Amino acid sequence: MGRISDFFRRSRRVTDDAPTQQLRRPVPQAPILVGNVQGIGAREGQEDSFALVNASDPEAMARRGVFAVVADGMGGLADGKAISEAAVDGFLQLFQTLDETGDVPRQLLTGTCAINDALFQRFGGRSGTTAVAVWILRDRLHWISVGDSAIFLMRHGGVFQVNREHTRLNELYLEELSREPSDPARAESDEDARRLSAFLGMPELREADCNRRPFLLCPGDVLLLCSDGISGVLTPAELREAMRLPPDAGCRLLETLVLEKGLPAQDNFTGTMISIQSINGRE
C-alpha cells in the first residue's frame, strides 16, 4: 500500500535583530492517495494481479495521470495466474499509447480487444481472466472492464458501481421478463447466474464496458477497483465503511471484513483504493 509523497521547502526569515531561523511550510496535500490489498483466501494459489502507474510520482501524475488495473485469473482453469499477469502487462503497454487528445474510449476498446486476441493466441482458450482498468487524468475518469470485477465510486457518502458486470445474470433477467409472472429472484438464484458471459482470453471478445465520455471527478471522490473476492462478499454498507477511511486504512479494513466472513470457499481478493484529495489545487 502506498501514499503519494510531496516535497516541502524550507524558507528563511531574516530580521535585523534576530538570528536566522528555518521555518517549515505546511506539507501540501497529495492530490491522489492510494492503497492496495491482496489475499489468497481459501485458495491454494494467488491468481489475481494488479498494477498502479504514477501513484508515487507527482510529476508524472500531473503529466499523465494515474492508471490502475486489476485482473482476476479464472480459478480452476490452467494458468490462471499467468494469464492475469499477462493481461496486466497488456494494459500497462496500452496505457503508454493512450492519447488524451484522441478518442480515449475507442483507444481503450481497441486496445482491450487486442489484449484479448493476444491472450487467446498465447493460452489457446485454456484460461481466462477478468479485468478492470481506470485512467485518472486531472478531473477526468476513463474506465474499461471485462468480466465480473468491479469499479466502485463513493461520492457524498453513497457507493455506486459504475461498470456493468458480464455474467449470465443479465441474460436471465431478460428471460424472466418474457415469463408470466416474472420473478427476478428466480434469475438471481439460478446456478448459472454468476457464470461469466465475457472474459479476456476468449476466441472473440463480444462485451466490454467503458464510459463513452469522460466522467468528471470531484474532490472527496473515492474509487475502488476489486476482484469478486471483495465485491461478491462484502455488502454496500461494508464497502462504504472502508472507503470512508484513508486508502491504506481502508484497504486494511477490507481485508479484515473479508476474513471475518470466514467463508470456506473464499476466493482470492484484490483491491486498489484511490482517493481524490484535490483537483487542480481545489479541495
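The values are calculated or read from the model by the stated rules, or taken from the named source; none is laboratory data. Values in this document were obtained by computation on a predicted structure and should not be read as measured data. Cβ sites come from the backbone with ideal geometry, for glycine too, and all protein chains shown count toward neighbours.
Listed values, structure above:
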read-out: Those residues of segment 206-216 which are within 20 Å of Ser149 (Cβ to Cβ) and either in contact with a His (Cβ under 6 Å, 6 or more places away or on another chain) or surrounded by 15 or more Cβ atoms within 10 Å (Cβ to Cβ) (or both), in sequence order; value: Glu207, Ala208, Asp209, Cys210, Asn211, Phe215
read-out: Scope segment 59-74; condition buried (at least 17 other Cβ atoms within 10 Å of the Cβ) and not aromatic (Phe, Trp, Tyr); matching residues; value: Met61, Arg64, Gly65, Val66, Ala68, Val69, Val70, Ala71, Asp72, Gly73, Met74
read-out: Conditions (1) under 17 Å from the mean Cα position of the chain (by Cα); (2) over 30 Å from Ile115 (Cβ atoms); number of the one not met by Leu259; value: (1)
read-out: Within segment 109-165, considering residues that are of a type in the set (D, E, K, R) and in a helix (DSSP H, G or I), the one farthest from Ala198 (Cα to Cα); value: Arg122
read-out: Per-region count, segment 240-281, residues touching a Lys or Arg at 6+ places or on another chain (Cβ under 9 Å), part of a loop (DSSP other than H, G, I, E, B) and either without any contact (Cβ under 8 Å) to a residue 40 or more places away in the chain or on the phi < 0 side of the Ramachandran plot (or both); value: 6
read-out: All positions within segment 104-133 that are more than 18 Å from the chain's Cα centre (by Cα) and β-branched (Val, Ile, Thr); value: Thr110
read-out: Residues of segment 233-257 classified as crowded, with 17+ Cβ neighbours inside 10 Å and either small (Gly, Ala, Ser) or over 15 Å from Gly35 (Cβ atoms) (or both), total; value: 5
read-out: Index of the failed condition, Ile279 passing every other in (1) modelled with pLDDT of 95 or more; (2) aliphatic (A, V, I, L, M); (3) under 30 Å from Arg63 (Cβ atoms); value: (1)
read-out: So Val233, is it in contact with a strand residue (DSSP E or B) (Cβ under 7 Å, 6 or more places away or on another chain) and at pLDDT 95 or above; value: no
read-out: Per-region count, segment 50-85, residues of a type in the set (A, V, I, L, M), in a helix (DSSP H, G or I) and within 14 Å of Gly128 (Cα to Cα); value: 2
read-out: Leading residue by the ranking (surrounded by the fewest Cβ atoms within 10 Å (Cβ to Cβ)) among those in segment 86-108 that are touching a residue at least 24 places away in the same chain (Cβ under 8 Å) and outside any helix (DSSP H, G or I); value: Glu100
read-out: Which listed residue, of Asp79, Asp148, is modelled with pLDDT under 95 and under 17 Å from the mean Cα position of the chain (by Cα); value: Asp148
